[in-house]
Amino acid sequence: MRKLVLLLALCLPMMADDLTRLQIHVTNERGKPVDRASVIVKFVSGRPLKTLGLKKARLSWELKSSQEGMAKIPPIPKGKILIQISARNYQTFGETFDIDEDERLVEIVLKTPQSQYSVHEN
């Protein structure tokens, strides 16, 4: 039993070093927070999960931004992380970020939809 406790005490700090806490701040082009934006975060690639001791770790999250435009993601493995955001009256955003920090604030600016135009003449 003592060996198991010692092994866990040694492994937990190593696993914590391979996880990151993300905060995503969603604003519009005028700097105003976008609340209730749909935020999807997915772990794409990085260190193999088995080496982290995480066989069935949660690798994707779907949530809404707060009134302040914030979305806080529980710990997720460091590496390439896809962030997708959609909100009513804004263009959809999607980009993959290479995250290697223990904590990171990702600032996302949503743009308003562009006017539609046609290449065909009447």
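The values are calculated or read from the model by the stated rules, or taken from the named source; none is laboratory data. Note that the structure is predicted; figures quoted are calculated from it, not measured. Here the Cβ is made from the backbone with ideal geometry for all residues, glycine too, and neighbour counts use every protein chain on show.
Among the candidates Val109, Val119, which residue alone is of a type in the set (Val, Ile, Thr) and modelled with pLDDT of 95 or more? If you could, list the steps in order and put the result at the bottom.
Details: Val119 fails: modelled with pLDDT of 95 or more.
From the options Val109, Val119, the qualifying one is Val109.
Kindly check whether there is at least one residue in region 39-51 that is modelled with pLDDT of 95 or more and small (Gly, Ala, Ser).
no
Does region 69-89 contain at least one residue that is modelled with pLDDT under 90 and in contact with a Pro (Cβ under 8 Å, 6 or more places away or on another chain)?
Checking region 69-89: not a single residue is modelled with pLDDT under 90 and in contact with a Pro (Cβ under 8 Å, 6 or more places away or on another chain).
Please go through region 86-102 and give me each residue that is in contact with a Leu (Cβ under 8 Å, 6 or more places away or on another chain), in contact (Cβ under 8 Å) with a residue 40 or more places away in the chain and assigned to a strand (DSSP E or B), ordered by number.
Answer for region 86-102, where residues must be in contact with a Leu (Cβ under 8 Å, 6 or more places away or on another chain), in contact (Cβ under 8 Å) with a residue 40 or more places away in the chain and assigned to a strand (DSSP E or B): Thr96, Ile99.
Looking at region 69-100, which of its residues are surrounded by 13 or more Cβ atoms within 10 Å (Cβ to Cβ), under 13 Å from Asp18 (Cα atoms) and over 9 Å from the mean Cα position of the chain (by Cα)?
Correct list: Pro75, Pro77, Lys78, Gly79, Lys80, Ile99.
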